[in-house]
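Trainee: Below is the structure I would like to discuss, written out as structure tokens.
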């Protein structure tokens, strides 16, 4: 859809919906993001952003315009490349995390986990790191095969993962913690 059509649609929904969340792919890749956010705010909507933290400079530009950020943190910095298969992907992700935390914008950090990609010790270390950095809202999302083209990941069952003891440990680390699973 053309942006003008989306903006017109939102203008007709003023008073009917409260907020607009920019997501899908990676919104910070779009050079028109800041303009779009400003236009949505002018319509009176709250604005949220889902990001994988791949473009920290652009994220910093739009943070003052946001009411909420959902930031994907895929792994500890040392394990990022193994998860994303993108060289050097950990540095911008953790730069983005620092930007979000320094901004004071409400946030949720989340990690999508799969037993083939995240063992429980790695997840525990990541959670400790996030808590030590000042993350207050953390969600662990168990992998779903919907939309995934990796046959190896899709073939493995994730039932009973992560272990309930680890979940209880993570709950104690954060003021707000949620496990999103398929059960």
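Trainee: Only one of these conditions is not met by residue 103: (1) surrounded by 17 or more Cβ atoms within 10 Å (Cβ to Cβ); (2) under 23 Å from residue 21 (Cβ atoms); (3) in contact with a helix residue (DSSP H, G or I) (Cβ under 6 Å, 6 or more places away or on another chain). Which number is it?
Mentor: (1)
Trainee: Specify the residue that is nearest to residue 159 (Cα to Cα); the eligible residues are those in the range 96-136 that are within 14 Å of the chain's Cα centre (by Cα) and part of a helix (DSSP H, G or I).
Mentor: So the residue we want is 130.
Trainee: Considering only residues that are in contact with a strand residue (DSSP E or B) (Cβ under 7 Å, 6 or more places away or on another chain) and surrounded by 11 or more Cβ atoms within 10 Å (Cβ to Cβ), which ones fall in the range 18-35?
Mentor: Those that are in contact with a strand residue (DSSP E or B) (Cβ under 7 Å, 6 or more places away or on another chain) and surrounded by 11 or more Cβ atoms within 10 Å (Cβ to Cβ): 19, 20, 21, 22, 23, 26, 27, 28, 33.
Trainee: Still on this model: Go through (1) at pLDDT below 95; (2) closer than 30 Å to residue 120 by Cβ and name the single condition residue 73 misses.
Mentor: Failed condition: (1).
Trainee: Let me ask you something else. Of the conditions (1) part of a loop (DSSP other than H, G, I, E, B); (2) closer than 27 Å to residue 92 by Cα, residue 44 satisfies every one except a single condition; which number is it?
Mentor: Looking at each condition in turn, residue 44 falls short on (2).
Trainee: Now a separate question. Taking residue 81, is it over 18 Å from the mean Cα position of the chain (by Cα) and either farther than 18 Å from residue 52 by Cβ or not in a loop (DSSP other than H, G, I, E, B) (or both)?
Mentor: no
Residues checked against (1) closer than 15 Å to residue 113 by Cα; (2) in contact (Cβ under 8 Å) with a residue 12 or more places away in the chain; (3) touching a strand residue (DSSP E or B) at 6+ places or on another chain (Cβ under 7 Å); (4) exposed (fewer than 15 other Cβ atoms within 10 Å of the Cβ):
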{"position": "136", "(1), (2), (3), (4)": "no, yes, yes, no"}
{"position": "145", "(1), (2), (3), (4)": "yes, no, no, no"}
{"position": "151", "(1), (2), (3), (4)": "no, no, no, yes"}
{"position": "160", "(1), (2), (3), (4)": "yes, no, no, yes"}
{"position": "165", "(1), (2), (3), (4)": "no, no, no, yes"}
{"position": "169", "(1), (2), (3), (4)": "no, yes, no, no"}
{"position": "172", "(1), (2), (3), (4)": "no, no, no, yes"}
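The values are calculated or read from the model by the stated rules, or taken from the named source; none is laboratory data. Predicted model, so just to flag it, every value in this text is computed and none were measured. Positions of Cβ are backbone-derived with ideal geometry, glycine not excepted, and every protein chain shown enters the neighbour counts.
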